[in-house]
């Protein structure tokens with residue numbers, strides 16, 4: 001009798017595990033379907049995305065990772081550390097100099113990237129406007145001829 005109860009318990013445990021596994025499989029299948037939809041949407045949108053859009057996104061990421069601090073604020077913090085005896089004046093000046101130098105390099109780099117993006121955008125926009133300009137010029141010529 002005890003063996004029958006143990007067998008019944010183990011079979012009921014197995015059924016419970018299978019019942020639990022089925023919703024997980026369904027949830028996994030649903031998740032994989034939604035991932036597949038997202039993946040196909042990404043592929044479709046990436047085709048529509050130009051190189052400029054990707055560059056702008058990269059530039060935005062660079063800006064999000066950056067922190068802007070004024071030289072004056074850095075000087076205050078370093079002066080406070082020196083006053084409290086946390087660092088020497090020479091170390092503080094070297095640290096401040098290095099931070100400002102690195103900050104200028106980053107700023108120059110970001111500005112260069114921004115200028116490159118602006119040039120690229122102007123090229124793309126200028127190229128798109130050319131057919132419209134031609135049509136407008138031709139329409140103006142036709143209108144002038146009619147007025148003569």
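This table checks each residue for (1) in a helix (DSSP H, G or I); (2) touching a residue at least 12 places away in the same chain (Cβ under 8 Å); (3) surrounded by 10 or more Cβ atoms within 10 Å (Cβ to Cβ).
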{"position": "64", "(1), (2), (3)": "yes, no, no"}
{"position": "74", "(1), (2), (3)": "yes, yes, yes"}
{"position": "79", "(1), (2), (3)": "yes, yes, yes"}
{"position": "92", "(1), (2), (3)": "yes, yes, yes"}
{"position": "103", "(1), (2), (3)": "yes, yes, yes"}
{"position": "109", "(1), (2), (3)": "yes, no, yes"}
{"position": "117", "(1), (2), (3)": "yes, yes, yes"}
- Item | Options 85, 127; residue that is outside any helix (DSSP H, G or I) and loosely packed, with under 10 Cβ neighbours inside 10 Å | 85
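Taken together, the values in this text are just the output of simple stated rules run on the coordinates, not laboratory data. As the structure is a prediction and not an experimental result, all values here were calculated from the model. Cβ sites come from the backbone with ideal geometry, for glycine too, and all protein chains shown count toward neighbours.
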